[in-house]
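Let me begin by presenting the structure, written as structure tokens, before commenting on it.
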Amino acid sequence: MSVGPTSHAQSNNAPQTSTSSEPQVISAGRSGLRLGQISELTIIAPLKPGGADRLREKLRQSAAHQQERMAKIATVHDMRFVIFDQDTRLLFATAYDGDWDTYIDDFGTQIPDLLNYFFEDVEEFPGIETPGAKDFIAKHQVTASGWYAAYPSQTVRDIWRGQRVVQAFNELIDAAQS
Amino acid sequence: MAARAHHLGDRGESAAEHWEAPFGTDQIHVAFALFASNEIALDTAREAAKQAYHEIGGISVQYHMDVGMMPDGRTHLGFRDGISNPYIDGSPFPPAFGHEGPVKSGEFLFGYPNESGQIMEGPSPAPLGHNGSYLSLRKLHICAAAYRRYVQEKATASLSAERIGAKMVGRWPSGTPLALSPEEDDTRLSEDESRINVFSYADDPKGFKCPISAHVRRAFPRDSLQDQVVDVNIHRLLRRSTVYGPALTKGVLEDDGHDRGIIFAGICTSLIRQYEFIKTEWLNGGNFVGLSTEQDPVTGNKDGEHTFTIPAKPLRHRLKEVPEFSITRGGEYFFIPSLTALRWLAEQAGQGPSDL
């Protein structure tokens, strides 16, 4: 299914699309939905006893350097850790580029400590580098019933490059007018 | 492979519904390849194979191809191919000269640890899978005339046709890598096996020497992806590709109607993580290097932008409307059993191993 705007008004600077060129919501692979370049992943999993407090503290301490840490992954549009149900469960939700499992093996060999640090407080989390990692994710993932993204054809790298281009363009025009 | 064709980017003329029979059907059960270093040896082997074939019932040849390197050792685009291959950890052969370290044997052989430390298992039971591999085989028609026309049409005073081709491939036709000799070909390099494949991209992050979008840089990024979380060693492929069809006469710019191209053969233990990853992540798009939907100039299809970016100072060149130079005529995934697996199979049938 696809949930999206039904009018074609351009007053909000949205790019022009016709119905025939609008991307369709498809599967992101093993689980999850994908629209254009952007997929959603929603995981709900039980936390270990005391895990909620530990995870909250880890997230608080790491907030300051999150941009720098995530810059190297460069495919995550956003992610949230939501602790709920009286500290017994975690909802982890992210919008990311591409298909479900393309880079999980790379995460496993390149940044296992980083990912395990944030997920080891989840019950029975096997470790991102283990053979059971993908099955564990799929077991706790709930595919969304509706998925919308404002710029479905734009990946994280496209957006970052676009930001640099707009800035450079403005500087160029400013310099030409000064 | 037909079931994966759309995912692999085989669209339009390359779509599975257009594949040459029996590719894309369920009529391919076994493939048999004979390689020899000269015609006489090949004929001898071919005769032995024919003899055995006539003694076996219940099997019929569906498809036959004569393949082989052309006399000048080049492909139909005029480039030397197959220079770079992974060096397999534990190989009894000395390493070919290259910049990178050995890759775990489990990336290419079942029954051994791979780069993730896991033992890859092929088909079961173990005697069948052990020491075997998977093979991605693809028959790719190469549009030699279209390539020649395109590089000539796009040539300018500062960017010759030969240079455009080299920028698209990442090597000069002789095999000299742009990373070592960006301005012109250098036979001192191409004729020296100890130098032709020893290079890094670390001093060329923006691709001024070898474009980021060039074919060899995409297919094997070496050390050029340091700014992202990716392990190049888990995405390697052992290639045993070859060439088919008559050469297009030198200088001819119109297609002569002959089928010619590459038989691509890539060996690995995880088709998804190795062959398919390279094809879908590194060849069929450009997002991994911030180039959005730009495709590999040699293998790309008509999806996406079909532009090719040549980084340059002060301004990059963007070649537009790059045609398809490669049309997929068919492909299939195979399991390659080891010699011991072949003997085991023969024993299962109650026939002795004969003269394997």
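Quick one: helix B:144-154 against the long Cα principal axis of chain B, what's the angle to the nearest 10°, folded into 0 to 90?
Computed tilt is about 10 degrees.
Enter the accessible area of B:Asp43 (Å², nearest 10), with the probe set to 1.4 Å and all protein chains included.
Around 70 Å² of this residue is reachable by solvent.
Across the residues of A:30-42, average count of Cβ atoms on other protein chains within 10 Å? Mind showing how you got there, number by number?
On the way: counts 0, 0, 0, 0, 0, 0, 0, 4, 0, 0, 0, 0, 0.
Mean shielding count: 0.
Would you please put B:77-88, B:149-160, B:12-23 in order of how densely packed they are, using the mean number of other Cβ atoms within 10 angstrom per residue and starting with the highest? If you can, show how the numbers build up before the last one.
Values: B:77-88: 19.4, B:149-160: 14.2, B:12-23: 15.8.
Descending packing order for the listed peptides: B:77-88, B:12-23, B:149-160.
Mind checking which lysines have their C-alpha under 22 Å from A:Lys58, skipping anything on the same chain fewer than 8 residues away?
List returned: A:Lys48, A:Lys72.
Classify the range B:180-308: rounded, prolate or oblate, from the alpha-carbon gyration tensor (a ≥ b ≥ c, eigenvalue square roots; a/c under 1.5 rounded; otherwise prolate if a/b is larger than b/c)? Don't skip to the answer; put the middle values down first.
Values: a/c = 1.42, a/b = 1.20, b/c = 1.18.
Cα axes put the range B:180-308 in the rounded bin.
Give me the percent relative contact order of chain B, please, defined on Cα pairs under 8 angstrom at least 6 residues apart.
Numbers: 626 pairs, mean separation 86.1, N = 356.
The value is 24 percent.
List the residues whose amide H sits under 5 Å from the amide H of A:Ile83, counting only those 5 or more places along or on another chain, with H placed 1.01 Å from N in the peptide plane.
Those qualifying (amide H under 5 Å, at least 5 residues apart or on another chain) are A:Leu91.
Averaging over all projection directions, find the projected area of the Cα convex hull of chain B and quote it in nm² with one decimal place.
On the way: hull surface 76.5 nm².
The orientation-averaged projected area of the Cα hull of chain B comes to 19.1 nm².
With charges set only on the Cβ (+1 for Lys and Arg, -1 for Asp and Glu), what does the dipole of chain A come to about its Cα centre, in debye to the nearest 20?
Working: 16 positive and 23 negative charges, 47 e Å.
For this selection, approximately 220 debye.
Could you work out the mean count of beta carbons from other protein chains within 10 Å of each residue's beta carbon in B:267-279?
1
What is the calculated FRET efficiency for B:Ala33 to A:Ala168, with r their C-beta to C-beta distance and R₀ = 60 Å, to the nearest 0.05?
0.65
Angle check, please: helix A:156-177 long axis (alpha carbons) against the longest principal axis of chain A (alpha carbons), in degrees 0 to 90, nearest 10.
Once rounded, the angle reads 40 degrees.
At what distance in angstrom do the alpha carbon centres of the range B:232-308 and the range B:188-213 lie from each other?
When both Cα centres are located, 19 Å separates them.
With viscosity set to 1.306 mPa s and temperature to 10 °C, compute the Stokes-Einstein D of the protein assembly as shown, Rh being the Kirkwood radius across alpha carbon pairs; µm²/s, no decimals.
Details: Rh = 26.0 Å.
Taking Rh from Cα pairs, D becomes 61 µm²/s.
Indicate the gyration tensor shape class of the range A:23-63 (rounded, prolate or oblate), computed on the Cα atoms with a ≥ b ≥ c the square roots of the eigenvalues: a/c under 1.5 is rounded; otherwise a/b larger than b/c is prolate and the rest oblate. List each step's numbers first, then the result.
Numbers: a/c = 6.12, a/b = 2.34, b/c = 2.61.
The shape class here is oblate.
Over the range B:54-174, calculate the relative contact order: mean separation of alpha carbon pairs under 8 Å at least 6 apart, over the residue count, as a percent.
On the way: 105 pairs, mean separation 19.9, N = 121.
It rounds to 16 percent for the range B:54-174.
Using helices alone, what [θ] at 222 nm do you get for chain B, with -39,500 (n - 2.57) per DSSP H run of 4 or more residues, divided over all residues and rounded to the nearest 500? Could you put the intermediate results ahead of the total?
Values: 7 runs with 60 residues, N = 356.
My calculation for chain B gives -4500 deg cm²/dmol from helical runs alone.
What are the equivalent ellipsoid semi-axes of chain A, built from the alpha-carbon gyration tensor (square roots of five times its eigenvalues), in whole angstrom, biggest first? Numbers along the way, then the final one.
Numbers: eigenvalues 221, 97, 49 Å².
Working through the eigenvalues yields semi-axes of 33, 22, 16 Å.
By per-residue mean of other Cβ atoms within 10 Å, what is the highest-first order of A:59-70, A:154-165, B:136-147?
On the way: A:59-70: 10.3, A:154-165: 15.6, B:136-147: 21.4.
Going by the mean number of other Cβ atoms within 10 Å, highest first, we get B:136-147, A:154-165, A:59-70.
A:Val25 accessible area, nearest 10 Å², 1.4 Å probe?
Near enough 30 Å² of accessible area.
Take the Cα gyration tensor of the range A:79-178, multiply each eigenvalue by 5, square-root it, and list the three semi-axes largest first, rounded to whole angstrom.
Numbers: eigenvalues 271, 57, 41 Å².
Whole-Å semi-axes of the equivalent ellipsoid: 37, 17, 14.
The values are calculated or read from the model by the stated rules, or taken from the named source; none is laboratory data. None of the values given here were measured: they were computed from a predicted structure. Ideal geometry is used to build each Cβ from the backbone, glycine not excepted, and the neighbour counts take in all protein chains shown. Side chains are part of the model used for accessible areas, which takes the heavy atoms of the whole protein and leaves out ligands, DNA and RNA. Shrake-Rupley method; radii C 1.70, N 1.55, O 1.52, S 1.80 Å.
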